[in-house]
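Every number in this text was worked out from the coordinates using simple rules, so none of it is lab data. The model shown is predicted, which means the values in this text are computed figures rather than measured ones. Cβ coordinates were reconstructed from backbone atoms using ideal geometry, including for glycine residues, and neighbour counts include every protein chain displayed.
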């Protein structure tokens, strides 16, 4: 996967998880299909997918797997936890803020994926040890701390649509690859030292 | 990540200067200018200061739930996030402490389970929901309202059921929204306390309890059909203090409650026979010449007739048979009560939720009155009060659109708190139906039928009676709109749900129907997601209505909820509480400048201005003029079903939160070991509880806190895979009183019967 593909994938995932309706879900899914190197399962009934998406992530019933980091990182699940604030601080370091500050928790998955896109862009254009440290922190100490729990919860859902499962798989694969690459860099650095 | 680097990064993140230095470094490289656009926006300069290391901001809040205690809350906010809440220390009533429910408020505000967006359900009850914009939600709603108007030539097809989910004064804007649309159908009355309200109004011309804080001066306290250890924890300290000072504390209840467990004496009265006990005590006082002759001659009307009634119809032996309490204990209780000075009775709401509930309250009132305990500090027949509720009801009072047509019959909406009873001069009125018989009223109401139902501050399918009948009635409705915080059984059956706010995202003002304090409720944090307050919803609907049909809604289209909070205050409120402006409430709650005793001059608000043992008004409204014995409901099953409040919830509110689930994760039915044995039921066994209207299954717990002829279950649940609801087994039989002051009789919640068997 090259850098452009990676960013396209992340953008598609970001847009998928912040979609408001079946049209936006379908558009993001189509973009994801373009960005991955295999064919995603086709979706016959987008309305049904929207219903499933809402049951899993939105509501109005208690969502099965809410996509806010603090739900998984706090000792007791909640939104607007300490980890939400850390995400906000990371955005700030990048000169960014959520347009929904204080009304949507900053650690919404899509906002975090957006921050990943910015960080990867910065790294491509002008990396520095400080930027690398921030990236490593965000990836290892934040994303890798909650996303696996979230993946697990989503995968445990009954009647999980294949289209949602594949988006989770794509995101999980990306995360695993990034963690692996960091570990190999760490090993290399340790070896050199 | 390497531990050292991780720690360094955490230090950088936590420090304003370090974060800024990092950002300045990035800015210097010019890389930020080339970043792609996305969801996140460029940081505004002022936003940087949001994340500082400042101290907590403290806000004033109030618990707006339907609870005696209406706690004054201090909220601690940092970085725009509510960190924790405390009881306000400035209120001697709240006294720095909250109950288990109040302490869990942050769990409510930040629960991932909250309803976040307007949504519509495709197929009622299907669980298939679409997220929609506010604009789309209001488009659907306004179109339906206009369609109803066009079809029926009036708006009576639009019904409102709203009660006590949020008692903030601005929330009467929901009623205001209905008025601003036209003449509608209003579900009026209250499931809570109406029989007692009427009873006290017949006796005293009002409902006015002493300040609960003056209970410390009581020498004898009878807590009768109330369980403050669960339902008014802040009042317990006054009861304890009174006991420290030498008072005797007696609890009368069919159940050995947590309050009873703490009393000096517990008397297990047969449910619904409270009137018989009070009258038996009264008869004994007559026999023993322990009546306060000064009170009954100077300040009362009809005492002689009451005494004659007692002598002719009541004996202590009879009372003992009716109540199950031995005659000797009744005599002793009566004598102790009459000889203590002052003595008081706290009349709980539980004991008036019977077909003879109002009559029972009148009998107890009479007992307190004949011992001269009314108008005394530390005395009183304590039920509730509305002395501090004199707000403007600015949000509620809205004009009808010009040319509105409505109901030509009598009446108009009433409410126990706001006191409004409609414009009696107007040609048309709203159509009023009984809130406690929502299912039957929907089924029976035609010409026009209720086509659309707006549900606010209420969870119909948990709170209202005969759940299965409500589900059938809902099938008749063309559109159900529910405004709520969480996905409860009513939202489950709604077509559209609109997300609303917690007290911490709202501006309003709160008072209690028990204590005398006034609390400001400030917006401590911004409303989360796309939630709106009730009055913001009304304004948005008005804008949509007027865009579609100019003049179709009079509710202001742009409002500021803080200003609307301010508009609820008036000079009368300021004078009563001794403040010059509402801003003073930012320093903490204030208490009404009232004497601690109600009716301190023993002038009553009855037609005679006296305490009326004989009430012609009661007679005119179809009741006995005297506080006579009235028999209870005939049993329709082998065991009485009692369904009181739990300490973990206010009906269904709070029960869905994780903290409650940690301590109270499963509903049980509690029954006496003898009752269990006769049916072969063992502790922890799965059982069925059933009667003529429904069936529930749950595990059994055996306890002799429950009488042998009764079953105990605590109210309702929702969320966490449990929609247990006792109202599946509680029918909508009316109590005797309530229509006089609240527009509809109450419900005989504790006159229910069922049987139990192994599942």
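Using the Cβ-Cβ distance between residue B:636 and residue B:146 with R0 set to 45 Å, the FRET efficiency from 1/(1 + (r/R0)^6) comes to roughly 0.50.
Available extension along the chain between residue B:332 and residue B:701 is 129.4 nm, counting 0.36 nm per residue and deducting the alpha carbon span. Residue B:560 versus residue B:261, label points 7 Å from Cα toward the beta carbon: distance in nm? In this crude spin-label approximation the distance works out to 5.2 nm.
In terms of overall dimensions, the C-alpha atoms belonging to segment B:304-409 reach 67, 33, 28 Å along their principal axes, ordered largest to smallest. With R₀ fixed at 45 Å, the C-beta to C-beta distance from residue B:526 to residue B:426 puts the FRET efficiency at about 0.65.
For segment A:3-192, the percent of C-alpha pairs falling in each 5 Å distance bin, counted from 0 to the bin holding the largest distance, reads 1, 7, 15, 20, 21, 17, 11, 5, 2, 1, 0.
The percentage of C-alpha pairs in segment A:17-69 whose separation is greater than 18 Å is 36%.
Between residue A:157 and residue B:33, the modelled labels are 4.3 nm apart [label points 7 Å from Cα along Cα→Cβ]. Averaged over the residues of B:29-36, the number of partner chain Cβ atoms lying within 10 Å of the residue Cβ comes to 6. Between helix B:357-370 and chain B, what is the angle of the helix's C-alpha long axis to the longest principal axis, kept within 0 to 90° and rounded to the nearest 10? Approximately 60 degrees, to the nearest ten.
With no solvent and one point per C-alpha, what does the Debye sum give as log10 I(q)/I(0) for the protein assembly as shown at q = 0.04 Å⁻¹? Result of the Debye calculation: -0.22.
Sorted largest first, the spans of the alpha carbon positions of segment B:571-626 along the three principal axes are 49, 23, 17 Å.
Helix B:327-339 versus the longest principal axis of chain B: what angle, 0 to 90°, nearest 10, using Cα atoms? Here the helix axis deviates by roughly 70 degrees. Derived from the Cα gyration tensor, the three semi-axes of the equivalent ellipsoid of segment B:360-503 are 34, 22, 18 Å, largest first.
What number results when the radius of gyration of segment B:3-48, computed over Cα atoms, is divided by 2.2 N^0.38 Å?
Normalised Rg, Cα atoms only: 1.34.
The Cα-based radius of gyration and maximum Cα-Cα distance (Dmax) for segment B:639-758 are 15.1, 47 Å.
Given a Förster radius of 22 Å and the C-beta distance between residue A:1 and residue A:127 as r, what FRET efficiency does 1/(1 + (r/R0)^6) yield to the nearest 0.05? Step by step, r from the Cβ atoms, then E = 0.70. Note the angle between two axes, namely the Cα long axis of helix A:82-93 and the longest principal axis of the Cα atoms of chain A, as a number of degrees from 0 to 90, rounded to the nearest 10. Approximately 60 degrees, to the nearest ten. Each listed q (0.05, 0.09 Å⁻¹) maps to a log10 I(q)/I(0) for chain B from the Debye sum over equal C-alpha point scatterers, namely -0.27, -0.86. Considering only beta bridges that DSSP places wholly inside the protein assembly as shown, some 50 percent are antiparallel.
Of all beta bridges DSSP finds with both residues in segment B:639-758, what is the antiparallel percent, to the nearest 5? Antiparallel bridges make up about 70 percent of those DSSP assigns within segment B:639-758. Placing pseudo-labels 7 Å out from each Cα toward the beta carbon at residue B:236 and residue B:135 gives an inter-label distance of 5.3 nm.
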